[in-house]
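First comes the structure, then the notes that go with it.
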Amino acid sequence: MKPLSLIFGFLLTANLALRADDAKPTPDKLTTCPVSGEKLDGDMGKPYVFIYQGQEVKLCCQNCKKDFDKDPNKFIVKIRTADAVPKK
Ligand SMILES: [Zn+2]
């Protein structure tokens, strides 16, 4: 079993190295819609998710995208602030 675990170890390391290089969007950690304040994953069903300048944005519905587009930076700040605060 030793060679097998070696291969697994190598794959894991390679995977981590790949991930560091990957330009993945910053995840949106808000549990509410930054536009409407509605709960995500609530009664409204699946959140409306898109990427804005490398930042993942989750809105409660597609209608909120219109408001987001009016002042994207305001909402991006909200999402990034939530990301900076550790969960208790
Ligand atoms: Zn909405």
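Observations, loosely collected:
- Projected label distance in nm at A23 and A84, using a 7 Å step from Cα toward the beta-carbon: 2.4 nm
- The range 25-88: C-alpha gyration tensor shape, a/c 1.5 cut-off, then a/b vs b/c: oblate
We did not get these values from a lab; they are worked out from the coordinates using the rules stated. All values reported here derive from a predicted model rather than from experimental measurement. For neighbour counting, all protein chains shown are included, and Cβ atoms are generated from backbone atoms with ideal geometry for every residue, glycine included.
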